[in-house]
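Everything below concerns the one structure shown next.
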């Protein structure tokens, strides 16, 4: 059964019959894990193994493991600093900051891949310019710094064997409101956005395997939030920037995503606008959406290529990590300590 384009959240730490049924729906292509799905590393192993065994081709397993305020897995995993700490380091020591950005991406991806998680939605490439929800999740208010540190972070992820996801295109960092709970309106003209928030995405597009789209309305460009906008996704992202990777929506249960109608209508509009994969993360939203979709409709069953190119493939096995004998991997323990030291 070819994977569908919807990535869903599940409620708990084990797969019950309801979660299994949802993950077997033809419209579903993957799962997004949250803190609610984790109690221990042993439990995580069992859960991921169960998810992987459900289908062939297997489901894509994703998570947000940015560090700082957004780190879903903590107990037993490296405590990762907010990216903004690396941006502040860059002010006095750019070389060290780039090295730490590489370590951050490499350690994070290595730990997720060790437990069978394919993809962390990272890094944040927004600018830290006043947003209540972005803030120090971003490297810096300076597009050049975000580009330089973001490039090092992407290299670390790639060297670990994980694909990369820049977010939140075309930029969520310059507006105060939080799209999780408010409508977000960025009234600047496209020329201003191009020169600032859009620049890291433009510069790093060749290194980005995936992008996540912001639930932000830019009325000088389109009246629709960017994730529903063919202007942003086709005209600007695909045609102007030449981007060829996978496009994710952000969670369709967020407040700013609700302006266009029901969950089914949001999902359809995202896909029609140019999103390859859509996120529905709240269990109650999953319960509402999937029964409304016709499993026989081929529109929900054509995401195989988008899914398969994002599978993780660890460059270092769990056995090699345990023994620390692989050439160069001895540095990993030092990298973890250096990152945790930055957390204070």
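The values are calculated or read from the model by the stated rules, or taken from the named source; none is laboratory data. Since the model is a prediction, treat every value here as computed from it, not as a measurement. Here the Cβ is made from the backbone with ideal geometry for all residues, glycine too, and neighbour counts use every protein chain on show.
So that you can scan it fast, the table gives a plain yes or no per residue for (1) modelled with pLDDT under 95; (2) touching a strand residue (DSSP E or B) at 6+ places or on another chain (Cβ under 9 Å); (3) surrounded by fewer than 20 Cβ atoms within 10 Å (Cβ to Cβ):
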position	(1), (2), (3)
66	no, yes, no
70	no, yes, yes
81	no, yes, no
90	no, no, no
112	no, yes, no
117	no, yes, no
121	no, yes, no
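Note on the range 272-325: among residues that are touching a strand residue (DSSP E or B) at 6+ places or on another chain (Cβ under 7 Å) and more than 22 Å from residue 51 (Cβ to Cβ), the one that is surrounded by the fewest Cβ atoms within 10 Å (Cβ to Cβ) is 274.
On inspection, residue 98 fails the criterion of being closer than 23 Å to residue 169 by Cα, modelled with pLDDT of 95 or more, surrounded by fewer than 23 Cβ atoms within 10 Å (Cβ to Cβ) and within 18 Å of the chain's Cα centre (by Cα). Number of residues in the range 60-79 that are within 16 Å of the chain's Cα centre (by Cα) and either part of a strand (DSSP E or B) or under 19 Å from residue 162 (Cβ atoms) (or both) equals 13.
Among the criteria (1) at positive phi; (2) over 25 Å from the mean Cα position of the chain (by Cα), the one residue 274 does not fulfil is (2). Hey, does the range 184-192 have a residue that's modelled with pLDDT under 95, buried (at least 24 other Cβ atoms within 10 Å of the Cβ) and out of contact with any helix residue (DSSP H, G or I) (no Cβ under 8 Å at 6 or more places or on another chain)? The answer is no, given that none of the residues of the range 184-192 is modelled with pLDDT under 95, buried (at least 24 other Cβ atoms within 10 Å of the Cβ) and out of contact with any helix residue (DSSP H, G or I) (no Cβ under 8 Å at 6 or more places or on another chain). Of all the listed residues (3, 26), the sole one being modelled with pLDDT under 95, under 22 Å from residue 163 (Cα atoms) and part of a loop (DSSP other than H, G, I, E, B) is 3. A Cβ distance below 7 Å, combined with a sequence gap of six or more or placement on separate chains, defines the contacts here; from the range 318-334, residues that are over 21 Å from residue 80 (Cβ atoms) reach residues that are at pLDDT 70 or above and assigned to a helix (DSSP H, G or I) in the pairs 326/320. Can you name every residue in the range 141-170 that is over 18 Å from residue 127 (Cα atoms), over 14 Å from the mean Cα position of the chain (by Cα), free of Cβ contacts under 8 Å to residues at least 60 places away in the same chain and crowded, with 22+ Cβ neighbours inside 10 Å? Residue satisfying the conditions is 156 alone.
No other residue among 36, 41, 103, 129 is surrounded by fewer than 16 Cβ atoms within 10 Å (Cβ to Cβ), in contact (Cβ under 8 Å) with a residue 40 or more places away in the chain and out of contact with any strand residue (DSSP E or B) (no Cβ under 8 Å at 6 or more places or on another chain) apart from 41.
Being within 30 Å of residue 132 (Cβ to Cβ), free of Cβ contacts under 8 Å to residues at least 60 places away in the same chain and surrounded by fewer than 21 Cβ atoms within 10 Å (Cβ to Cβ) is a description that does not apply to residue 46. The numbered conditions (1) over 24 Å from residue 11 (Cβ atoms); (2) part of a helix (DSSP H, G or I); (3) in contact (Cβ under 8 Å) with a residue 24 or more places away in the chain; (4) under 22 Å from the mean Cα position of the chain (by Cα) are all true for residue 305 except (3). Considering the range 250-264, the residues that are touching a residue at least 24 places away in the same chain (Cβ under 8 Å) and out of contact with any strand residue (DSSP E or B) (no Cβ under 9 Å at 6 or more places or on another chain) include one that is surrounded by the most Cβ atoms within 10 Å (Cβ to Cβ), namely 254.
Results for (1) more than 27 Å from residue 155 (Cβ to Cβ); (2) buried (at least 21 other Cβ atoms within 10 Å of the Cβ), shown as yes or no for each residue.
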residue: 205; (1), (2): no, no
residue: 212; (1), (2): no, yes
residue: 215; (1), (2): yes, yes
residue: 227; (1), (2): yes, yes
residue: 231; (1), (2): yes, no
residue: 241; (1), (2): no, no
residue: 248; (1), (2): no, yes
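Residues satisfying the criterion are present in the range 30-48 (criterion: farther than 27 Å from residue 300 by Cα, within 21 Å of the chain's Cα centre (by Cα) and outside any helix (DSSP H, G or I)). If the condition is being more than 24 Å from residue 213 (Cα to Cα), out of contact with any helix residue (DSSP H, G or I) (no Cβ under 6 Å at 6 or more places or on another chain) and not in a helix (DSSP H, G or I), then the range 88-127 contributes only 93.
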